Amino acid sequence: MSTVGSPLEQQTGDESSGQHTDHEMPSTILVICDDADKKEYMQTILDFVEAGPLVMTDSNSWHEHLKTPSSFLAVVQGDCNTPEVLGEVLEGVNKLDPDLPVILVAKKSIRNSLTNEQAYHVLYHLDDEIHYDELTSILNKCRIYRESRREVINSQSERLFRSLAGNSKSIQHVRTLMEQVAGSDANVLILGESGTGKEVVARNLHYHSSRREKPFVPINCGAIPPDLLESELFGHEKGAFTGAITTRQGRFELAEGGSLFLDEIGDMPLSMQVKLLRVLQERTFERVGSNKSIKTNVRIIAATHRNLEDLIKQGTFREDLYYRLNVFPIEMPPLRERITDIPILINELITRFEHEKRGSVRLTPSSVLSLSQYPWLGNVRELANLIERLVIMFPYGVVDVTDLPEKFRIPGVEAAMPPEMDDGQSYNSPPGMSRIPKDGLDLKEYMSNLECSYIKQSLDESRGVVAHAAKLLRMRRTTLVEKMRKYGLQRNEDTTNF
């Protein structure tokens, strides 16, 4: 067997040694072959190495299976056709999906008859005699190639949502809005209760905008005394007021070319609202104690937990400023309205502590269910504080519902706990045996998030080795791979602060 060299060789490291890896290929493998015997042989081989779902087709109908790019590679049996037909197939595959890696299974004489095969992404060759170690190594390299290409294409949207854990409809809607507005310079107003992740959204919007190489400058308008807020925003000249011993740049100057995040804009005093409105209209400002106008080029991202329309009626917030800021509103849902995300959030928070080497903890299903019924007035921030507390109180331990602080123990959940086993472990009771929230529960969504959470825990416990994680979950490796694909899980996912 011979291989065609590619830049991929530098990415695979130890994985190119020919040893089998347990990180499976979740997408379909397209096998193009006209010979029935060779097609059956190839299917037997690929089934044996558990390469993933297969689609067996021929040189006439293969294109029907690439209408949607679900394949992660194409295996082309070159001996089945004349060099002309083979070239047409390779060229057609490349046109429909130029990032699809190709393994060409053919004798050397057939391969030599082709021209410019690297342009068709023929990354590797296989002779008729296929060896297990060589095949698994090449399949793994093709998987890495395919994933790396997809990562290049989708890296922006993937990074954009990495710190917004959850699969609920409300958080998916937030992701959609973020994706729509991230690349523009439109002013964004982020609404929502404290602790819902408004600054996370603001930082992500900046990171995935054309301004990402410039500064992201936050300022909490409610935390700065009114008489100092003007200086903080616009800067001041030396001697402008008592204590101004040097000239100082304001946040607008520090954020030049980037994004200015005005947190708690609803707490800004009326006198400053007038000055901010002028800056937004004219794109110029003056430092305190100066008459020199300074041009500004910043994107404004504002946030508040207050209802600005009510403040307008009360006369404490300017209506014209509201319309300037409210070009593109994003409303963050409170955690109590997306309780099906809680298992995923818990797992993400624990993973963050583990990556920061600050400890770890595990929660039983009953304790997770109890937390899912708590109202969470402090939202994700309150949940993060609780997980940190549990990590300190029960380092590397298992937290049951009775171990939770009293206010987090929901009546009825504790009574549903099953008796202990002889070895001290407890059976996991089905979530349906405990009380559901008063407003009801999307059971399908809740179970999906719970399943996703346990899959991620098993992958963490097994350090990303899918075969070991499958044993922990008592399922077939191929089944786990399909579930990983369903939930978009990969090894060594980055974690980001909430």
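The values are calculated or read from the model by the stated rules, or taken from the named source; none is laboratory data. Just so it is clear, the structure is predicted and the values come from calculations on it, not from any experiment. Don't worry about glycine lacking a Cβ; one is built from the backbone with ideal geometry, like all the others, and counts go over all protein chains shown. With ligands, DNA and RNA removed, areas are computed over all heavy atoms of the protein, side chains included. Shrake-Rupley method; radii C 1.70, N 1.55, O 1.52, S 1.80 Å.
Before moving on, here are some points about what is shown:
- Links that overshoot a 26 Å alpha carbon limit, given the list Lys141/Lys483; Lys141/Lys169; Lys238/Lys275; Lys214/Lys313; Lys169/Lys483; Lys108/Lys141: Lys141/Lys169; Lys214/Lys313
- Debye intensity ratio I(q)/I(0), log10, the range 218-327, q values 0.10, 0.11 Å⁻¹ (C-alpha model): -0.28, -0.33
- The range 469-482 - phi-based ³J(HN,Hα) in whole Hz, Karplus 6.51/-1.76/1.60, Gly and Pro as x: 4, 4, 5, 4, 8, 6, 9, 5, 4, 5, 5, 5, 4, 5
- Label-point gap, in nm, between Tyr323 and His468 - each point 7 angstrom along Cα→Cβ: 6.2 nm
- Surrounding net charge for Glu256, when Lys and Arg each add one and Asp and Glu each subtract one, Cβ distance under 13 Å: +4
- For the range 178-183, Karplus couplings with θ = phi - 60° (6.51, -1.76, 1.60), whole Hz, Gly/Pro x: 4, 5, 5, 9, 4, x
- Note: the range 311-419, Cα convex hull, 153 Å³ per residue.
- Charge context of Val217, other residues only, Cβ under 13 angstrom, K/R +1, D/E -1: 0
- Qualifying chymotrypsin sites (Phe, Trp or Tyr not before Pro) in the range 220-289, DSSP loop, other Cβ atoms within 10 Å at most 13: Phe241
- In order through the range 287-296: 3J(HN,Hα) via Karplus (6.51 cos²θ - 1.76 cosθ + 1.60), integer Hz, x for Gly, Pro: 5, 4, x, 9, 9, 8, 7, 10, 6, 10
- Loop-located GluC sites (Glu not before Pro) in the range 169-224, at most 11 other Cβ atoms within 10 Å (DSSP): Glu213
- Solvent-accessible area per residue for the range 331-387 (1.4 angstrom probe, square angstrom): 32 Å²
- In this structure the amide hydrogen of Gly192, modeled in the peptide plane, comes within under 5 Å of the amide hydrogens of Thr304, Met332, none closer than 5 places in sequence on its chain.
- Distant-in-sequence amide contacts of Asp58, defined by a placed amide H-H separation under 5 Å and a gap of 5 or more residues or a different chain, comprise Cys33.
- Amide H contacts of Tyr124 (H built 1.01 Å from N, in plane; Pro and chain starts excluded): Val4, Val102, Leu104 sit under 5 Å, all sequence-distant by 5 or more or on other chains.
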